[in-house]
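One structure is given below, encoded as structure tokens.
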Amino acid sequence: MPIIINLDKILEERGMKSNELAEKIGITTANLSILKTGKAKAVRFSTLEAICEVLECQPGDILEYTKN
Amino acid sequence: MLLLNDNCRGMKSSEWLKNIFSVAYYLMIIGWILLFGFLLYAIFISPGDILEILHDAEEFKIKSKNALYSSLTYELLSSAVWIYILYLFKNLMKELISGPLFTKLQIASFKLIGQLIILITIVDAISIFVFKVIFNGRLELNFDLFDFWFVIGIGLFLIFLSQIFNQARVMKEENELTV
């Protein structure tokens with residue numbers, strides 16, 4: 001998939017663990033894992049908003065487009 | 001409350017449907033055994049008695065031993081396919097009621113049942129035509145509204161339903177993978 005999720009990188013920069021983020025944004029760790037591994041088919045604006053709010057970043061920091 | 005009532009009604013109708021398929025399935029098995037008994041009786045004991053019983057069959061007149069053996073053998077094969085169709089229906093209903101919806105097995109079952117219904121209906125019409133030609137010396141094709149087109153319609157509807165289920169499976173998967 002040409003959309004890459006840079007959530008791991010941001011989490012590392014912020015010194016935050018996945019389960020901590022999942023708890024703060026109110027989604028399950030299983031769903032966060034789907035997002036991190038690039039298996040997700042879609043991301044809700046509400047989820048993206050919550051992630052950006054907790055990690056204090058922009059959507060563009062999390063999502064990146066690369067050509068195949 | 002209204003939603004709960006609708007759900008209860010839905011469950012009841014599906015249970016009814018499942019039970020109807022189960023009863024039809026076991027009745028068909030009993031019928032098949034009786035038919036098989038008829039064939040064995042005709043072959044080994046007395047074909048005359050069976051000829052007497054089946055003389056005025058619905059589709060064509062059974063007058064000779066050959067006609068009797070062929071029609072009974074064909075009926076046995078045809079009934080076996082219908083029993084298999086009912087068996088698939090029975091399992092499908094069980095799966096639809098208890099398991100998760102839109103699985104690959106349900107999609108494949110709907111498609112297979114539809115294809116089998118269409119196939120057996122066409123083969124039925126052709127075989128009756130052939131039997132009439134061979135044993136009655138009559139050229140006659142019969143496509144009854146209920147015996148042929150309605151059953152073909154049901155088969156096509158089931159295939160269409162499998163396509164809908166397939167699309168629903170994709171949508172369900174997308175929904176599950178939306179974070």
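The table for this structure:
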quantity	calculated
Checking B:Arg169 against (1) within 14 Å of chain A (Cβ to nearest Cβ); (2) modelled with pLDDT under 95, the condition it does not meet	(2)
Residue among A:Leu21, A:Leu48, A:Leu35, A:Leu11 that alone is over 28 Å from B:Val170 (Cβ atoms) and either modelled with pLDDT of 95 or more or within 14 Å of another protein chain (Cβ to nearest Cβ) (or both)	A:Leu21
Failed item in (1) at pLDDT below 90; (2) in contact with a Cys (Cβ under 7 Å, 6 or more places away or on another chain), with A:Pro2 passing the rest	(2)
Residue in the stretch B:136-153 that is over 24 Å from B:Phe21 (Cβ atoms), assigned to a helix (DSSP H, G or I), over 13 Å from the mean Cα position of the chain (by Cα) and modelled with pLDDT of 90 or more present	no
So B:Asn175, is it within 14 Å of another protein chain (Cβ to nearest Cβ), in a helix (DSSP H, G or I), surrounded by fewer than 18 Cβ atoms within 10 Å (Cβ to Cβ) and out of contact with any strand residue (DSSP E or B) (no Cβ under 7 Å at 6 or more places or on another chain)	yes
Meets criteria (more than 14 Å from every other protein chain (Cβ to nearest Cβ), under 30 Å from A:Ala42 (Cβ atoms), exposed (fewer than 15 other Cβ atoms within 10 Å of the Cβ) and among the basic types (Lys, Arg)) for B:Lys94	no
Complete set of residues in the stretch B:158-179 that are among the acidic types (Asp, Glu) and closer than 17 Å to A:Lys36 by Cα	B:Glu174, B:Glu176
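The values are calculated or read from the model by the stated rules, or taken from the named source; none is laboratory data. Owing to the predicted nature of the structure, the values given are computational and were not obtained by experimental measurement. All Cβ positions, glycine included, derive from the backbone under ideal geometry; neighbour counts span all protein chains shown.
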